[in-house]
Amino acid sequence: EPEVTQTPSHQVTQMGQEVILRCVPISNHLYFYWYRQILGQKVEFLVSFYNNEISEKSEIFDDQFSVERPDGSNFTLKIRSTKLEDSAMYFCASSDYLAGEQYFGPGTRLTVT
Amino acid sequence: QKEVEQNSGPLSVPEGAIASLNCTYSDRGSQSFFWYRQYSGKSPELIMFIYSNGDKEDGRFTAQLNKASQYVSLLIRDSQPSDSATYLCAVKTNTGNQFYFGTGTSLTVIP
């Protein structure tokens with residue numbers, strides 16, 4: 001069964017460093033998303049991506065964040081200068097149509113020290 | 001402000017019983033409703049989705065939607081210990097394509 005994959009599973013970085021989180025969405029899906037979940041809190045939307053551009057972003061997705069689809073399979077989230085409060089689980093999701101169900105990857109646990 | 005509210009629980013039911021999980025949402029323009037299961041430390045796993053008023057059944061799971069009351073529920077019949085998890089309600093409005101998640105209801109099925 002097709003699934004969303006994410007790497008790495010755990011990333012530890014120092015405050016101020018740049019990190020890139022990688023995702024491979026389900027192959028025939030067209031819509032891609034990043035969410036985050038701070039420990040013990042709800043899943044929060046960051047950004048959606050369609051047709052090689054951002055289609056929607058939340059207030060959380062400020063100038064330190066960027067997304068890219070560098071090739072036909074990968075979808076990346078870059079955090080330019082990490083802060084302590086960026087520590088969270090980051091989930092990538094994909095769907096095959098706009099209103100469709102979103103399938104989540106296993107997540108990357110980001111720890112900023 | 002688009003809010004999705006769930007009772008955080010914990011909800012405990014004996015094995016074999018029916019577990020009932022509830023969710024309310026604030027945006028009357030919401031069009032799609034999803035239930036996810038999340039085990040501790042894992043990612044949300046899609047269980048069901050529902051778009052129309054009424055009931056939708058899939059195996060032991062039934063989703064119920066009442067748009068007039070802005071209410072969606074999930075029933076789990078013949079609950080099993082493996083159903084013990086946090087259940088997340090997610091709502092998509094008719095503007096934009098992001099999902100709004102509730103904080104989740106923790107369910108424990110007691111053997």
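The values are calculated or read from the model by the stated rules, or taken from the named source; none is laboratory data. Because the structure is predicted, anything quoted here is derived from the model rather than measured. Here the Cβ is made from the backbone with ideal geometry for all residues, glycine too, and neighbour counts use every protein chain on show.
Here are some notes:
- Within the stretch A:55-68, being surrounded by 13 or more Cβ atoms within 10 Å (Cβ to Cβ), more than 10 Å from chain B (Cβ to nearest Cβ) and more than 17 Å from B:V4 (Cβ to Cβ) holds for A:F61, A:Q64, A:F65, A:S66, A:V67, A:E68.
- All told, A:R22 falls short of being among the charged types (D, E, K, R), farther than 22 Å from A:V112 by Cα and away from chain B (no Cβ under 13 Å).
- Filter pass, A:V47 being away from chain B (no Cβ under 14 Å) and either in contact (Cβ under 8 Å) with a residue 60 or more places away in the chain or touching a strand residue (DSSP E or B) at 6+ places or on another chain (Cβ under 7 Å) (or both): no
- Test for B:T93: is it touching a Gly at 6+ places or on another chain (Cβ under 9 Å) and more than 25 Å from A:Y103 (Cβ to Cβ): no
- For the stretch B:68-111, a residue qualifies if it is more than 14 Å from chain A (Cβ to nearest Cβ), of a type outside the set (A, V, I, L, M), closer than 18 Å to B:S52 by Cα and over 15 Å from the mean Cα position of the chain (by Cα), and exactly one does: B:S69.
- For the stretch B:25-47, filtering for residues that are within 26 Å of A:A88 (Cα to Cα) and outside any loop (DSSP other than H, G, I, E, B) leaves 10.
- Residue check, B:S32 farther than 23 Å from A:L39 by Cα, facing chain A (nearest Cβ under 10 Å) and in contact (Cβ under 8 Å) with a residue 60 or more places away in the chain: yes
- Residue in the stretch B:41-53 that is more than 14 Å from chain A (Cβ to nearest Cβ) and either at pLDDT 95 or above or farther than 18 Å from A:W34 by Cα (or both) present: yes
- Check on A:E18, loosely packed, with under 12 Cβ neighbours inside 10 Å and of a type outside the set (S, T, N, Q): yes
- Criterion violated by B:E57 - all others in (1) assigned to a strand (DSSP E or B); (2) crowded, with 20+ Cβ neighbours inside 10 Å; (3) away from every other protein chain (no Cβ under 14 Å) satisfied: (2)
- Note on the stretch A:70-111: among residues that are out of contact with any strand residue (DSSP E or B) (no Cβ under 6 Å at 6 or more places or on another chain), more than 10 Å from chain B (Cβ to nearest Cβ) and not polar (S, T, N, Q), the one that is surrounded by the most Cβ atoms within 10 Å (Cβ to Cβ) is A:D96.
- Condition check for B:S40: farther than 29 Å from A:N51 by Cα and surrounded by fewer than 20 Cβ atoms within 10 Å (Cβ to Cβ): yes
- When A:G16 is tested against (1) within 11 Å of another protein chain (Cβ to nearest Cβ); (2) at pLDDT 95 or above; (3) on the phi > 0 side of the Ramachandran plot, exactly one condition is not met: (1).
- Qualifying residue in the stretch B:57-66 (condition: of a type in the set (A, V, I, L, M) and in contact with a helix residue (DSSP H, G or I) (Cβ under 9 Å, 6 or more places away or on another chain)): no
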